[in-house]
1. Starting from a label point 7 Å past Cα on the Cβ side, list the distances from B:M161 to the same position in the other copies, nm, shortest first.
2. Please work out which residue of chain B brings its Cβ closest to the axis of the rotation superposing B onto A, and round that distance to whole Å.
3. Efficiency by 1/(1 + (r/R0)^6): what FRET value for A:W163 and A:R271, r their Cβ-Cβ distance, R0 = 51 Å, to the nearest 0.05?
4. With a/c under 1.5 counting as rounded, go ahead and sort chain A into rounded, prolate or oblate using the C-alpha gyration tensor (a ≥ b ≥ c being the square roots of the eigenvalues; past the cut-off, prolate if a/b is larger than b/c, else oblate).
5. Can you give me the relative contact order of region A:99-238 as a percent, contacts being Cα pairs under 8 Å and 6 or more apart?
6. Tell me the trypsin sites (Lys or Arg not before Pro) within region A:118-174 that lie in a loop according to DSSP and have at most 14 other beta-carbon atoms within 10 Å.
7. Need one number: nm distance between label points at A:V178 and B:I194, each 7 Å from Cα along Cα→Cβ, rounded to one decimal.
8. Let me check against my output: what whole-number percent is the relative contact order of chain A, with C-alpha pairs under 8 Å and at least 6 apart?
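Here, each number is a calculation from the coordinates, and none is a lab measurement. Note that the coordinates shown come from a computational prediction; the quantities given were computed from them, not determined experimentally. Quick reminder, even Gly has a Cβ in these numbers, built from the backbone with ideal geometry, and neighbours come from all protein chains shown.
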Number of protein chains: 2
Amino acid sequence: MAEKGKGRTLINFIGIPAILALIWAGGVYFALFIGIAVLLAMNDFYNLYAGKGYFPSKILGMGGGILVLIFYNFNLEISSPELIGSILVFTFLTMFSELFRKRDHFLENVTMTLFGILYISVSLGSLIPMREADTANGTLLTSAVILAVWFCDSAAMGAGMLWGKTKIVPWASPKKSVQGSLGGLAASFCVYTIFKSGNIGGLALSWTDVAVLSLIAGFLGQIGDFMESWMKRQAGVKDSGSFLMGHGGVLDRFDSMIFAAPLSYVYFLIR
Amino acid sequence: MAEKGKGRTLINFIGIPAILALIWAGGVYFALFIGIAVLLAMNDFYNLYAGKGYFPSKILGMGGGILVLIFYNFNLEISSPELIGSILVFTFLTMFSELFRKRDHFLENVTMTLFGILYISVSLGSLIPMREADTANGTLLTSAVILAVWFCDSAAMGAGMLWGKTKIVPWASPKKSVQGSLGGLAASFCVYTIFKSGNIGGLALSWTDVAVLSLIAGFLGQIGDFMESWMKRQAGVKDSGSFLMGHGGVLDRFDSMIFAAPLSYVYFLIR
């Protein structure tokens, strides 16, 4: 992470307050922000393996991504048979269109097109219903998740630079260390503890909630980061895009959130 | 298709009456038959790109496939948020396990593992709820779909050998001809017309139903066949497995059904 340190810190200083403002504004403002982030991250993802000759269908992928966001935003109710039917019809449509694109890598293009929707729009898009879940709690929970992930990110970088010795997943992300990861986890825990403390009211968290949500943001979020690093490494690219200078693209910026957001929301729904 | 003609014809003579008997027996017999077919076809699919170095996780893929079949067989009711949550958790589990497998082709293995579940278990498995849909109609509809697909298959081969000139998708499947495909479509239409005629009672089909179902079995089913041919061609293998001699594997045997079964069922649910 060190290589992107400076740019990232700058963006955090400008970006985090702006995103918190968007969360508090909610409604169409937050939904549009997430929609733009999802589409930019999908674009990064679909370009990721261009060097290997994979060209997923951006039109179908992003079209499907937008459908998912509409579904989330308007809280559409469909039964599970309808959902399964829609997924299958969309899958066959993607395969059909790929058959007539006559490209190499039929399977890779089809699966990457579909996976992009799942990996980015279905997961990151869950921030929209999380924000709207019920007015005060949704706003606070969404803020807490975003702060926990991004403080984890910064603390992991700091702790890693200070004490990082034991490599954690050297094949995937050679700079990540156990010490850095523990620092990140500790930072997530602190964020949720502050939210629990009562100074930030309305979001009633038990210690179990704090523990589980910290693990999701501070442990699974980092796993999401490792995975994206590994995909990039295998694709032979360093940064997944160039939209945010020094930040390695929008996808990089959201790689931890991709895991942390939906899992936090799922936990919140079933706790 | 001509290359697999003889073995295929033999299996059809033994196989079709046996499968019709299983459909009429229903319940656990038919469900187990579909379950075995799904797992064998998934195994073929997961081996398909071994030559390219792709090794999807068979344990997770087939485990997920079995979960889907259980869901279908017991007609489990879950809400769409629960379904989406389960899909995401399973996706992250697959990615997590792949991260620690330390293999090349992280993305290819993850997406192929997940796609195998969708492409085979979710689609072919829909024959189970279709059979059980409501006693007489489900049995008849399932029989009609299977007969329509397999008569289409045989008629397409016959018509293609007799009159086949104009190639339809030469890049994907060089032997398939427009004339053969039209022959297959005509055969599907005949099968559904016989079911409509009233001699086989209980399944009330309008002419619209006959037209739509014939197109699904006789046109989209063939598209499914072309796609599997193209995947095999790109993978550099001829037959996707060797379980049924001369038949090119279980996946080959069901490639048309993969498209025809769920789409026929979806049409039947929404008509």
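1. 7.4
2. Nearest-to-axis residue on chain B, with distance in whole Å, is B:T111, 2.
3. Once the sixth-power term is evaluated, E becomes 0.90.
4. Note, shape of chain A comes out oblate.
5. Details: 150 pairs, mean separation 30.0, N = 140.
21 percent.
6. A:K165
7. Reported label-point gap for A:V178 and B:I194 is 6.9 nm.
8. Working: 368 pairs, mean separation 61.7, N = 271.
Computed value for chain A: 23 percent relative contact order.
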